[in-house]
Amino acid sequence: MITCGVEKLFKDEATEEKGERARMASFVGAMAIADLVKTTLGPKGMDKILQSTGRGHSVTVTNDGATILKSLHIDNPAAKVLIDISKVQDDEVGDGTTSVVVLAGELLREAEKLVGSKIHPMTIISGYRMAADCARRALLDRVKDNKDDAEKFRSDLMRIAMTTLSSKILSQDKEHFAKLAVDAVMRLKGSTNLESIQIIKKAGGSLKDSFLDEGFILDKKIGLGQPKRIENANILVANTAMDTDKVKIYGARVRVDSMAKVAQIEGAEKEKMREKVQKIIGHGINCFVNRQLIYNFPEELFADAGILAIEHADFDGIERLALVTGGEIASTFDNPESVKLGHCKLIEEIMIGEDKLIHFSGVEMGQACTIVLRGASFHVLDEAERSLHDALCVLSQTVNDSRVLLGGGWPEMVMAKAVDELARKTPGKKSHAIEAFSRALIAIPTTIADNAGLDSAELVAQLRAEHHKEHSNAGIDVIIGSVGDMSELGISEAFKVKQAVLLSATEAAEMILRVDEIITCAPRRREDRM
Amino acid sequence: MALAFDEYGRPFIILREQESKSRLRGLDAQKANIAAGVAVSRILRTSLGPKGMDKMLQSPDGDITITNDGATILEQMDVDNQIGKLMVELSRSQDYEIGDGTTGVVVLAGALLQQSEKLLERGIHPIRVAEGFEISSRIAVDHLEKIAHKFDFSATNIEPLVQTCMTTLSSKIVNRCKRSLAEIAVKSVMAVADLERKDVNLDLIKVEGKVGGKLEDTELIYGIVVDKDMSHPQMPKQIEDAKIAILTCPFEPPKPKTKHKVDIDTVEKFQTLRKQEQKYFDDMVQRCKDVGATLVICQWGFDDEANHLLMHRNLPAVRWVGGVELELIAIATGGRIVPRFQELTTEKLGKAGLVREKAFGTTKDRMLYIEHCANSKAVTVFIRGGNKMMIEETKRSIHDALCVARNLIRNNSIVYGGGAAEISCSIAVETAADKYPGVEQYAIRAFADALDSVPMALAENSGLQPIETLSAVKAQQIKESNHCCGIDCNDTGTNNMREQNVFETLIGKQQQILLATQVVKMILKIDDVISPADY
């Protein structure tokens, strides 16, 4: 009946995919993405090399799911949904970016089979919802919370950090780095503002030489002729123009009619700067850190006064420094008595590798700290930074929500067991979907085992049997290649991460399942001026 | 092609370059138009109802939208066909007017078009068909009025409102927590509603979303949430009993708008100007301080020096707040927006019980909550969700729910959902048809058939046998003369919509029928389509 006129419904290049075809397209796209990152899962996961198409073809080596997916150019709409959840996972909890994509991919893979056997997507969705809810409750039943016991809590944190790091490039020195990360996060005292942990990367040395500095290190040089070492420093942290201090009011500008007058005004300008510097010096400081440039003239004045002046410390540097030293960021200098100055015991120039850095030690407030990463190449350092960032994120979230689970595929098995039981109790077609959910959950330990080159079928079967007993702690011990007790091996994961993985993977799978039509608009044409 | 000749046999040019234009006339034109309209409605048909599927739309820039909101789907589709665009307009006007039922209206229009095609094939004149449709739409609307129920709600008893909103939300992806979302929607509408005048200004409800967390974390905040943070990192993060100065003037050196020149040509001038500048900043801050403000919210930026002075004088400030948000803050806190520092007075300050900054996730995302405001007439629905598309879809769903709640406050009549109202109308139209002499009778019968297509689509989407289910329900409605029988989409075992608590608003339904009829009439009246040549 519908023949003529329909072809012209859309604009020229817009396409439309319907029903089964649309569903196939999204399944295939989503699974392709999941398979792509699958091999990076777990402690024996492999890395990926990403080469950018931009200038220089810079290369990134990573096994962080979010980083990999972020750099992909994808056209498949369903794949974009998966990339988005991985990004959100990264922003929200920092770790589990690979797991969430793999789980969503597995859920869709199972859903495809179900759709193939003529089960309606809506039935699958309601089954998945029940299963996800049940799985979450199963996890909640088995969480441990050691918040009250500081000693145990710290060891929990150590274990989580080690588990997170074990899948990354830092796995060789995971103990060392886990300690760094835990120390750094404990200093934050519950705040999740990771900005006060500064990570400085310096090529050279080995990863083992990385260290946490309790003070603060600023990657800047000390001005010429200024003291290289100050004890009991009073620091003024400022954000003010120390170059040409223009008169900004009423859009005024300089217009003169003779050379002499130029000289006069220049003199006045200099005078103004001198006055400003005098005011700053009047604060009784011996160190001045500015966010903006300091020109030669004021720098010279500072040098004359024996004050250490550091220019061009960027926004982050300033904010951290203010946090560490307890000073306020000043922009006007008329009331020296009420401006809070920062203090530290010692400022000195130190050498890391070949670079000179400024080190503030003995600071008043211990919130911020610096982690100096050393490593053989920039790629290693970048990846190390990402890994450490993951660990720090997870830890800072765990400090707030201290519920902890075991790792190594244990949570998945616990959830799968509970979901299986639910499937047996549920009448109707939904039970197929619930069963499929548990299969998708088991796919995660299977992948971990596969990536480690182990016999996954055998191991997962053993694991299932183990978990049939009440309160089993069994998980996959990748190192030995067998089923082991996770609580003895000290492999833990944060509850918040697992919960986020579970919920967002289910949400994403549900979204993709509900789609029965994909309409792609014609791509926007680039203007010719490019 | 139409050609006309003058007395010398030369052709007049009526359509310029008519060879290169394609032209359809008469029945062909109508059929082509109908086909296009039906094609659009077919796309939406599968999205109808609680078991309706979603559509994934990729914009020209590659962004993804997943939705089952009819208006959104049509708006984002690259429709080129003229009639297709009419359908898009149709759904949009339903969206503007009512806010809900955007899918249903298009499905109904499509069904009407399909029916009219059959009539045209029989040789009935399009205008007669259109007139018949017009008559029947009036019958249907009157009938709806008859079967509508008034229901009572008050500020304390919001349960009926929540139930109706839940019907709207159940067709969206958010139906997992439709209960809590419906409650949020109703509570927020009740908070801003003017029950005396029966009016609701939806502008007072701000819907803000942030990726992360889960859908269950979505909350209603009696106050304003602004996606901004304090201008200076060391300003206090929490202010109690805040007195807020709402400014639209920047803390920056003034630049008069008129053309001017201030030339510095002597040292004295330089120095006076410099002093003035310093004093100016000082004055600005001091003025805010003098009137007793404890928080400054500004539409524009701050100069570094002003920023520090604010910090120094212990006056927290927020910069770059958008105009709309500024207005909302002003309404919520009962303050006045002040365009000049000179005009700042104590009376113009807004008051809020608590202003706090809240951080999210591992990135630097911070938001400012302004709560316990003097005038709680502005509220914010703060949505959390797993990914960006989810947030967007939730925003749309909440918007629909808000509109429904608003419509109910305006007019508290409801009809039963799940196709019950359509079936009942169809029966009424069918019986009325016999009373009409003339060709219109056929059109009226066709209208009744078209009304059946909505419950049919519902049944189809829910995996039921469409014809079987529909006839069963129809028979039941006539036998029991019960208007509450509809399609049991959720498999609950009863098809009494009153028991299932599935309601829709009366005005929404009426509007659907009227709008759909209007558009179909318009399409039927076209008998000549002239389209320019393809380039």
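Below is a table of values for the structure above.
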{"item": "Stokes-Einstein D for region B:307-388, Kirkwood Rh over Cα pairs, 37 °C, 0.692 mPa s (µm²/s)", "result": "222"}
{"item": "Average projection area in nm² (convex hull over Cα atoms of chain A, one quarter of hull surface)", "result": "35.3"}
{"item": "Order of B:Y442, B:Y96 under a 10 Å beta carbon neighbour criterion, fewest first", "result": "B:Y96, B:Y442"}
{"item": "Violating pairs (Cα-Cα greater than 27 angstrom) within the set A:K179/A:K496; A:K87/A:K498; A:K272/B:K228", "result": "A:K272/B:K228"}
{"item": "Bins of 10 Å, starting at 0 and running to the largest distance - Cα pair percent for region A:74-138", "result": "19, 41, 35, 5"}
{"item": "For region B:47-111, radius of gyration divided by Kirkwood radius, i.e. Rg to Rh on alpha-carbons", "result": "0.96"}
{"item": "Inter-chain Cβ neighbour average for residues B:77-88, partner chain, 10 Å", "result": "4"}
{"item": "Region B:110-231, Cα convex hull volume normalised per residue, Å³", "result": "219"}
{"item": "Proxy reagent accessibility, fewest Cβ within 10 Å first, across A:V497, A:V372", "result": "A:V372, A:V497"}
{"item": "The protein assembly as shown, helix-only ellipticity at 222 nm - DSSP H runs n ≥ 4, -39,500 (n - 2.57), divided by all residues, nearest 500", "result": "-16000 deg cm²/dmol"}
{"item": "Neighbour count of at most 10 Cβ within 10 Å plus DSSP loop: longest GluC sites (Glu not before Pro)-free window in chain B", "result": "B:197-535"}
{"item": "Per DSSP, loop trypsin sites (Lys or Arg not before Pro) in region B:251-347 with at most 16 further Cβ within 10 Å", "result": "B:K257, B:K259, B:K261, B:R313, B:R336, B:R340"}
{"item": "Convex hull volume of region B:80-128 per residue (C-alpha atoms, cubic angstrom)", "result": "89"}
{"item": "Net charge of Cβ neighbours under 10 Å - reference B:I331; Lys, Arg +1; Asp, Glu -1", "result": "-1"}
{"item": "Long-range tail of P(r) for region A:391-484 (Cα pairs > 19 Å, %)", "result": "48"}
{"item": "FRET efficiency estimate (nearest 0.05) - Cβ-Cβ, B:S22 to A:K70, R0 41 angstrom", "result": "0.30"}
{"item": "Peptide ranges B:42-54, A:428-440 listed from the most packed, as the mean C-beta count within 10 angstrom indicates", "result": "B:42-54, A:428-440"}
{"item": "With eigenvalues of the C-alpha gyration tensor scaled by 5 and rooted, region B:149-192, Å", "result": "19, 12, 7"}
{"item": "A:V59 paired with B:E499, simple spin-label distance in nm, labels 7 Å along Cα-to-beta-carbon", "result": "7.0"}
{"item": "Relative contact order (percent, whole number), chain B, Cα cutoff 8 Å, 6+ residue spacing", "result": "26"}
{"item": "Two-site FRET efficiency, B:E216 against B:E7, from Cβ-Cβ distance with R₀ of 51 Å, rounded to 0.05", "result": "0.05"}
{"item": "Shielding by partners - mean other protein chain Cβ count within 10 Å, residues of B:301-312", "result": "5"}
{"item": "Karplus-derived 3J(HN,Hα), 6.51/-1.76/1.60, for each residue of region B:443-450, Hz, glycine and proline x", "result": "4, 5, 4, 4, 4, 4, 5, 5"}
{"item": "Trypsin sites (Lys or Arg not before Pro) restricted to region B:155-208 and DSSP loop, no more than 15 other C-beta within 10 Å", "result": "B:R197, B:K198"}
{"item": "Share of pairwise Cα separations in the protein assembly as shown, more than 58 Å, in percent", "result": "26"}
{"item": "DSSP bridge pairs, chain B: antiparallel proportion in percent, nearest 5", "result": "70"}
{"item": "Two-decimal log10 I(q)/I(0) for chain B, as the Debye equation yields it once each C-alpha is a single scatterer, q = 0.09 Å⁻¹", "result": "-0.78"}
{"item": "Residue mean of other protein chain beta carbons inside 10 Å, A:505-518", "result": "6"}
{"item": "Ascending count of other beta-carbon atoms within 10 Å, so fewest first, for B:L464, A:L236, A:L107", "result": "B:L464, A:L236, A:L107"}
{"item": "Segments B:231-239, A:504-512 sorted - mean Cβ within 10 Å per residue, highest first", "result": "A:504-512, B:231-239"}
{"item": "Cα pair distances exceeding 20 angstrom across region B:122-185, given as percent", "result": "57"}
{"item": "Principal axes of region B:211-327: Cα extent on each, largest first, Å", "result": "67, 29, 24"}
{"item": "Equivalent-ellipsoid semi-axes of region A:80-178, from the Cα gyration tensor, Å, largest first", "result": "34, 19, 11"}
{"item": "Histogram of C-alpha separations across region A:420-530, 5 Å bin width, %", "result": "2, 9, 13, 16, 17, 13, 8, 6, 4, 4, 3, 2, 1, 0"}
{"item": "FRET E, pair A:E20, B:I467, Förster distance 35 Å, beta-carbon r, rounded to 0.05", "result": "0.90"}
{"item": "Ratio of Rg to Rh over region B:145-304 (Cα coordinates, Kirkwood Rh, two decimals)", "result": "1.19"}
{"item": "For region A:279-285, Karplus couplings with θ = phi - 60° (6.51, -1.76, 1.60), whole Hz, Gly/Pro x", "result": "4, 5, 5, x, 6, x, 10"}
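Since every read-out is calculated from the coordinates, none of them should be taken as a lab result. What you see is a predicted model; the values in this text were computed from it and never measured. Glycine also receives a Cβ, built like all others from the backbone with ideal geometry; neighbour counts cover every protein chain displayed.
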